[in-house]
1. Take peptides 51-63, 127-139 and line them up by average Cβ neighbours within 10 Å, highest first, as a rough protection proxy.
2. Just grab the label-to-label distance for residue 36 and residue 82, each label 7 Å out from Cα along the Cβ direction, in nm (one decimal).
3. What distance in nm separates the two pseudo spin-label positions at residue 126 and residue 50, each 7 Å out from Cα along the beta-carbon direction?
4. Through the Karplus equation 6.51 cos²θ - 1.76 cosθ + 1.60, θ set to phi - 60°, convert the phi angles of the range 21-33 into ³J(HN,Hα) values in whole Hz; use x for Gly and Pro.
5. Using modelled backbone amide H atoms (1.01 Å from N, in-plane), which distant-in-sequence or interchain residues come within less than 5 Å of residue 100's amide H?
6. Rg (Å, one decimal) plus Dmax (Å, integer) for the alpha carbons of the range 3-168?
Amino acid sequence: MIIDSTTYRSADYRSRKRKSVIDMIVLRTTKTNSLEETARCFITKKEKTISVHYVIDRDGKIYQFIPEDRAAYHTDKSSWRLVTGEEVTNINSRSIGIEFQRGSGQTFTPEQIRSGLELTQSIKNRYNIDPHNVVAHSDITSSRKSDPGNDFPWELWVKNGLDSNISQRGKMVDFPALLALPD
């Protein structure tokens with residue numbers, strides 16, 4: 001897995017190092033039609049702060065916008081009940097955000113899904129994140145957000161030990177191009 005950490009840098013992230021432990025991964029999707037349009041959303045200073053750690057382009061290339069040791073602003077008002085039962089609301093301070101670039105009407109590509117699985121696995125392993133705490137943007141924002149969407153192949157995350165929240169997501173999508181990460 002190759003990560004490009006030099007092409008794009010977000011201006012919207014906390015300048016101090018995190019004080020919270022990283023124990024969550026948030027998966028999101030864009031509503032932009034190109035990587036360049038997505039990058040403009042995350043690197044242009046604006047009134048409403050928004051940023052993310054990683055963007056996965058349609059060709060599967062991974063771009064790092066913010067270092068993992070800094071908090072990104074990838075979720076607004078949100079909450080999640082950790083596997084320990086603790087209800088948390090400070091999700092930006094404790095999570096890594098992964099964004100899948102995808103415009104209106106576009107489906108996920110096999111290259112994106114493979115890169116997303118590998119990146120999620122790598123982050124999960126580095127920080128010993130419980131699969132219960134690998135969440136969709138829609139999981140933590142109640143009814144305000146719907147991404148990564150009904151066509152996201154969660155069963156692949158479950159099959160690879162990267163998610164355990166499948167029962168709350170409804171319909172599962174068949175994504176035959178990929179079954180499991182290599183051991």
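Any read-out appearing in this document is the output of simple, stated calculations on the displayed coordinates, not a laboratory observation. Not measured: the values here are computed from a predicted model. Heads up, the Cβs are rebuilt from the backbone with ideal geometry, glycines too, and the neighbour counts pull from every protein chain shown.
1. Ranking, from highest mean packing down: 51-63, 127-139.
2. Between residue 36 and residue 82, the simple spin-label model gives 4.3 nm.
3. Once both label points are built, they end up 2.5 nm from each other.
4. 6, 7, 9, 9, 10, 10, 9, 9, 9, 8, 10, 10, 9
5. 28, 29, 30, 56
6. Looking at the range 3-168, its Cα Rg and Dmax stand at 14.5, 40 Å.
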